[in-house]
Amino acid sequence: RVREASRKATDEAFAALSDQEIRILALISKGQTNKEIASDIFLSEKTVRNYVSSILSKLNLKTRSEAAAYAVRHNIYDYLPTDLADS
């Protein structure tokens, strides 16, 4: 039961995020800046900033550091869309 409850909580950890937000959160967890993320996924830096704000809001977090820790704690790499899972 404990394992099942833990797994369910992890499954719900990223439920509010879109695939693109999960991609960006994974890159944040690797320590990339908005500029680096924008270059990697072919978006403008402003668009990435908007995504980061949305991620923080949806996860009720205040900083990129909190977001990175959250992503790692909840095993974000298990939830990456298949086109990024191998990256």
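Structure above, values below:
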quantity: Helices (runs of 4 or more DSSP H) contained entirely in region 13-70, each with at least 2 residues that are modelled with pLDDT under 95; calculated: 19-29
quantity: Residue in region 34-55 that is open to solvent by 70 Å² or more (accessible area, probe 1.4 Å) and touching a residue at least 24 places away in the same chain (Cβ under 8 Å) present; calculated: no
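The values are calculated or read from the model by the stated rules, or taken from the named source; none is laboratory data. Quick caveat: nothing in here was measured; it's all calculated off a predicted structure. Virtual Cβ from ideal backbone geometry, glycine too; neighbours counted across all protein chains shown. Heads up: the accessible areas ignore ligands, DNA and RNA and are worked out on the full protein's heavy atoms, side chains in. Shrake-Rupley method; radii C 1.70, N 1.55, O 1.52, S 1.80 Å.
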